[in-house]
Amino acid sequence: MMRIRDIGPAVSFTWDGKRLQGQVGDTLASALLANGQRVVARSFKYHRPRGIFTVGSAEPNALVTIGSGAAQDPNIRATVQEIYPGLEARSQNRWPSLGFDILAINDLASPFLSAGFYYKTFMWPRSFWEKLYEPFIRRAAGIGALSGQHNADHYEKAFAFCDLLVIGSGPAGLAAALEGARAGARVILAEDDARMGGRLICDNALLNDAAAGDWVDAALAELAAAPNVTLMPRTAVTGAYDGGTFGAIERVGLHLPHQPELPRETFWRISARRAILATGAIERPIAFANNDRPGVMMASALRSYLHRYGVAAGQQVVIFTNNDDAYASARDLEGAGVQVTLVDARADAVAPAGFAGRFIAGAQVCDTRGRMGLRAVQLRHGDGRTEWTRADCLGLSGGWNPSLHLACHMNGKPQWDEGLSAFLPVPGMVPGLDYAGAANGQYDTAACLAAGQTRARAALGDLGLSLPAAADLPKTPQAAARPMLPLWQVPGKSRAWLDFQNDVTTKDVALAARENYTSVEHMKRYTTQGMAPDQGKNSNVNALAVLADVTGRSIAQTGITTYRPPFVPVSLAALGAGAQGAGFAPQRFTTSDAASRAMGAPMIEAGLWYRPSYFPQAGETHWRQSCDREVGYVRNAVGIADVSTLGKIDIQGPDAGAFLDFVYTNMFSTLPVGRVRYGLMLREDGHVMDDGTTARLGPDHYLMTTTTAAAAQVMKHLDFVRQAHCAQMQVAFTSVTEEWAQFAIAGPKARGLLQQLTGQALDGADWPFMACGPIALGDVQGRLFRISFSGEMGFELAVPARFGAALFDRLCDMARDLGGGPYGMEALNVLRIEKGFITHAEIHGRVTGFDIGMQGMLSRKKDFIGKAAASRPGLLEDGRELLVGLRATNGSLIAGARLFTQGSDAVRTADQGYITSVAYSPTLDASIGLGFLRNGRARMGEVIRVKDHLRGVDILAEVCNPVFFDPEGGRARD
Amino acid sequence: MLYLECPYCGVKGEETEFHAGGEAHLKRFGPGSSDQEFESYLFARENPKGVHFERWRHVNGCGKWFHAARCTASLEVFGTYSAQTTEPPKAIKDAISAKRPGWRWRDFS
């Protein structure tokens, strides 16, 4: 292996800690080849030494790890990774080193490691699985590892739209893109490689009697200059999806020294009106004994390394082929001074013109030698005679498989073509996607160019674009290829590899067939053929051909496994770009957020909102101390809480009252202006959807509040009911949740505080319980509601959100002067449980109005959503679990615990109900809770068993009225 | 990916901008309806492979509900239209007939 021609300035990089030199334009693979690095990896299962096998995206062997620490990227294909100054690359799946790997012992144990061995071997005892077998298998069989650290690298997601997406930039792709450019269509040309041109830049072919690269450069210059064309190199189209959508992964920063601001990769969703698949074809190997030695490569790859990277992959090369294409590799290598032997399996083959090396027709390569690098190959001549010949490199060509993967992503089945011995796409597999060039079985350059042009013109014509006359295509040399001879495997005793990445051999496929895994999908799963990161790009067709052979079927009868996205591995970091940490979900903040955090309040999530949990004070060491103190504020003085997160829906129109009558179970059209009413909302299936208060601000104007959790759901529901069931009504509504900052002012001194703030009396005659109306705070027009979620004298004061922060500070100061202060979610929860007020812990979607004791709120006088279902006998029958209060007689209650009759076994069949909410009530000095109990309302006073199997709680509690405190409600009303 | 056009605000968007809301054109049966009518309203749903009529909501847009006619097999959208209808408008039916001759869905064809 050596560099025979420089391709650019020197670049230094490290390989397993060793400093090496490559050149600008090198991939890691070409640089390693130029440095004589024959072994670059250990195989998955047998830890066999492996070398670079291909030149492009389909590489099965050369998986490496790039970078180190948190930024390390495992399983990078060396054939795709470009080198850059300071690139740090390491081999993987070896210990202690690439040269000496302990687990290469697996190779000797191969008779025991055949297909399905772990199903047969690691069956018992069951307890050994997690502790012994799995860790061992994971260590023994593997590829690269993640760092386990947080990945701080930057990734992106992006969207693109075009008229014509051209996938692949070889002759067919370039010809197609040029047509699109000239027709004025929005064109995206996506190419997996860093450089565009496909095989045109990997062969020394001629176009217009000059180097093909010149035509490529001119075509790319024209495309780059066209404002309607976007060139996307380093972008692999990974999947074809519905509606003309394609996924693509772009390597943005992976080929450059690390720059924190630059994304490593971008995942694209490309919406294309038409697309041309011009992805070329992948050369397939031939299976024979020990065909996986370092130095065994694809014949076309040898040519690519020579022409594009100036690297000769060997000094004594044998080319083993069944078709004419590999002749070019033989000729070109010979022209570069390499000693070449050309072995053609076809008996009637004749040596290519001008080829001076040894040519053998009708022979096959049947074995190799050279564990750490190929030393010799064994030939079997047509007459059965065998000979060993020295070789440091072996180029294989078993024909070509069109890269039709994307065409099959929407469940289309490709068709087997006997003449080409290949699967070809059939029209219409993906709507709007057409095929051109080698991806469609057209291997000759002239045919590729012509197909690219005609298929693009057809697609552009479909879109109604007016096309200029077709330009002349470049002239190509005449080429007449003779038919190939299908050849999948050479008979032999030793293992012959099919899937190099997952270590699947022809014997494994035969074993699968013997054990009756004869369906191609079963064979795949039993042997793991094609299930490695490379998805069997250069082995699946060979494997099914071998399966067809051992089962006596044709390849067409055997069929092919399903192609699924992605075409190349896509990092999860790119798919989930931006959604790490704080980017995972939007965050909503109240106007009191900064002030709450400044007071040291731990914030808890409530939907997308953040709300203060409690407000710790000096000397408090436990949240319960803060919570109990805050409960005391409300029960004895005055507390302030931000309740802005509750949904607020402004409803207006002459039919607003009638509309509310229909969505609520109780009446709202009869509510006087200036009054608030509690409302219960059901789903059409009769179960509770939400509850809340609705205020009548004017004759045609209501303001509904919803729970924080269900605000979006209620809005969606109202929109639906309005459009689907009440289309004739004159009513409109809009969410005003964020327009208003709203604070609860609760406690015996609440009125005093508000008198001081507003200068108004707010006495019981003008402002009785459940009154509402406008109120002025200086120049600010606010709204006041006399409602209570704590059972105390309570008001909620709303102001436009821009005044929220100032009002909260003011209210807290005033409350402190009165012996109170702000209270958080913990205290709010204790206060409402003491009063038996429900939240979504209780109305969790499976309870009815009957269950929560609100059957009386279901109006008999009108229709409403959920009425018919709520009156079904099954939702009213005896034995339903009904809302009750629970007071622990010993220990503490726990939410989620199950209820059982005292003395009965705590088993599922004896289950009597469950606890939904619990609190320590400082007011009552008791552990109290709300829950649902079978026939609960008839069981007041019963002592019941509370059992939480998971957390080991087993105590007793007394069943009681869910309203623990002030059951008459006098405190809120005076 | 599924692309829908909201007939209210005219915005065309991909599926993450919308929420599906089940079958379209269900006639509501409330109190006083027969058991069979009510059961059918609450529970019976079409599950076709092919032409289907659905409710969608432009959740990350104008918030309005609308109806969509589409093919559940190919995800092809034949058209979107107002939610305030009891049956698909003729233009939608014609669009379906052009691509799926002889289609039937509940009482529509």
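Numbers below:
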quantity	calculated
Within segment A:222-242, considering residues that are assigned to a helix (DSSP H, G or I) and open to solvent by less than 50 Å² (accessible area, probe 1.4 Å), the one nearest to the other protein chains (Cβ to nearest Cβ)	A:242
Flag if residue B:55 is within 11 Å of chain A (Cβ to nearest Cβ), in contact (Cβ under 8 Å) with a residue 24 or more places away in the chain and farther than 26 Å from residue A:273 by Cβ	yes
Residues located in segment B:1-13, provided they are facing chain A (nearest Cβ under 9 Å) and surrounded by fewer than 16 Cβ atoms within 10 Å (Cβ to Cβ)	B:1
Evaluation of residue A:132 against (1) surrounded by 15 or more Cβ atoms within 10 Å (Cβ to Cβ); (2) modelled with pLDDT under 80; (3) outside any loop (DSSP other than H, G, I, E, B) (one fails), failing number	(1)
Any chance residue A:261 is more than 14 Å from every other protein chain (Cβ to nearest Cβ), touching a strand residue (DSSP E or B) at 6+ places or on another chain (Cβ under 6 Å), of a type in the set (Asp, Glu) and open to solvent by 20 Å² or more (accessible area, probe 1.4 Å)	no
Members of segment A:339-365 found to be free of Cβ contacts under 8 Å to residues at least 40 places away in the same chain, assigned to a strand (DSSP E or B) and farther than 11 Å from residue A:322 by Cα, listed by number	A:339, A:340, A:358, A:359, A:360
Candidate set from segment A:896-920 (those that are polar (S, T, N, Q) and under 42 Å from the mean Cα position of the chain (by Cα)); member that is farthest from residue A:964 (Cα to Cα)	A:909
Test for residue A:465: is it surrounded by 23 or more Cβ atoms within 10 Å (Cβ to Cβ), in contact (Cβ under 8 Å) with a residue 24 or more places away in the chain and touching a strand residue (DSSP E or B) at 6+ places or on another chain (Cβ under 8 Å)	no
Hits in segment A:542-572 (condition: open to solvent by less than 10 Å² (accessible area, probe 1.4 Å), farther than 18 Å from residue A:292 by Cβ and not small (Gly, Ala, Ser))	A:544, A:547, A:568
Those residues of segment A:65-86 which are out of contact with any Gly (no Cβ under 7 Å at 6 or more places or on another chain), farther than 26 Å from residue A:286 by Cβ and buried (at least 21 other Cβ atoms within 10 Å of the Cβ), in sequence order	A:76, A:81, A:82
Residue satisfying all of: in segment B:23-41; open to solvent by less than 40 Å² (accessible area, probe 1.4 Å) and in contact (Cβ under 8 Å) with a residue 12 or more places away in the chain; farthest from residue A:565 (Cα to Cα) among these	B:41
Residue selected from segment A:680-701 under the condition closer than 30 Å to residue B:38 by Cβ and open to solvent by 40 Å² or more (accessible area, probe 1.4 Å), by the criterion farthest from the other protein chains (Cβ to nearest Cβ)	A:683
Those residues of segment A:107-116 which are in a helix (DSSP H, G or I) and closer than 18 Å to residue A:498 by Cα, in sequence order	A:107, A:110, A:111
Residue that is nearest to the other protein chains (Cβ to nearest Cβ) [pool: residues in segment A:870-894 that are within 20 Å of residue A:939 (Cα to Cα) and open to solvent by 40 Å² or more (accessible area, probe 1.4 Å)]	A:876
Residues of segment A:573-627 that turn out to be open to solvent by less than 30 Å² (accessible area, probe 1.4 Å) and among the charged types (D, E, K, R), as a count	2
Condition met for residue A:304 (more than 14 Å from every other protein chain (Cβ to nearest Cβ), polar (S, T, N, Q) and open to solvent by less than 30 Å² (accessible area, probe 1.4 Å))	yes
Whichever residue in segment B:82-92 is within 13 Å of the chain's Cα centre (by Cα) and surrounded by fewer than 20 Cβ atoms within 10 Å (Cβ to Cβ) and, among such residues, is nearest to the other protein chains (Cβ to nearest Cβ)	B:84
Qualifying strands (runs of 3 or more DSSP E) (wholly inside segment A:756-869; at least 3 residues being open to solvent by 10 Å² or more (accessible area, probe 1.4 Å))	A:772-777, A:780-785
Selection within segment A:792-839 - closer than 22 Å to residue A:768 by Cα and under 41 Å from the mean Cα position of the chain (by Cα)	A:832, A:837
Segment A:702-720, subset assigned to a loop (DSSP other than H, G, I, E, B) and of a type in the set (A, V, I, L, M, F, W, C), residue farthest from the other protein chains (Cβ to nearest Cβ)	A:709
Residue pairs meeting the criteria (Cβ under 8 Å; at least 6 apart or on separate chains; first touching a residue at least 24 places away in the same chain (Cβ under 8 Å) and at the interface with chain B (Cβ under 10 Å from one of its Cβ atoms), in segment A:721-745; second part of a strand (DSSP E or B) and among the basic types (Lys, Arg))	A:735/A:648
Members of segment B:42-62 that are surrounded by fewer than 18 Cβ atoms within 10 Å (Cβ to Cβ) and more than 28 Å from residue B:102 (Cβ to Cβ)	B:42, B:43, B:60, B:61, B:62
Only listed residue being touching a strand residue (DSSP E or B) at 6+ places or on another chain (Cβ under 9 Å), among the aliphatic types (A, V, I, L, M) and modelled with pLDDT of 95 or more, chosen from A:532, A:595, A:577, A:573	A:595
Residue satisfying condition, being closer than 25 Å to residue A:726 by Cβ, charged (D, E, K, R) and within 12 Å of chain A (Cβ to nearest Cβ), within set B:70, B:28	B:28
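The rows are residues; the columns are (1) of a type in the set (Val, Ile, Thr); (2) open to solvent by 10 Å² or more (accessible area, probe 1.4 Å); (3) at pLDDT below 95; (4) closer than 20 Å to residue A:657 by Cα.
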{"residue": "A:704", "(1), (2), (3), (4)": "no, no, no, yes"}
{"residue": "A:721", "(1), (2), (3), (4)": "yes, no, no, yes"}
{"residue": "A:725", "(1), (2), (3), (4)": "no, yes, yes, yes"}
{"residue": "A:738", "(1), (2), (3), (4)": "no, yes, no, no"}
{"residue": "A:746", "(1), (2), (3), (4)": "no, no, no, no"}
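Residue-wise test of (1) modelled with pLDDT of 95 or more; (2) over 19 Å from residue A:246 (Cβ atoms); (3) within 14 Å of chain B (Cβ to nearest Cβ); (4) open to solvent by less than 20 Å² (accessible area, probe 1.4 Å).
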residue: A:411; (1), (2), (3), (4): no, no, yes, no
residue: A:428; (1), (2), (3), (4): no, no, yes, no
residue: A:433; (1), (2), (3), (4): yes, no, yes, yes
residue: A:437; (1), (2), (3), (4): yes, no, no, yes
residue: A:447; (1), (2), (3), (4): yes, yes, no, no
residue: A:450; (1), (2), (3), (4): yes, yes, no, no
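The values are calculated or read from the model by the stated rules, or taken from the named source; none is laboratory data. Keep in mind that this is a model prediction, so the values were computed, not measured. Positions of Cβ are generated from backbone atoms using ideal geometry, with glycine treated the same way; all protein chains shown enter the neighbour counts. Accessible surface areas use protein heavy atoms only, side chains included; no ligands, DNA or RNA. Shrake-Rupley method; radii C 1.70, N 1.55, O 1.52, S 1.80 Å.
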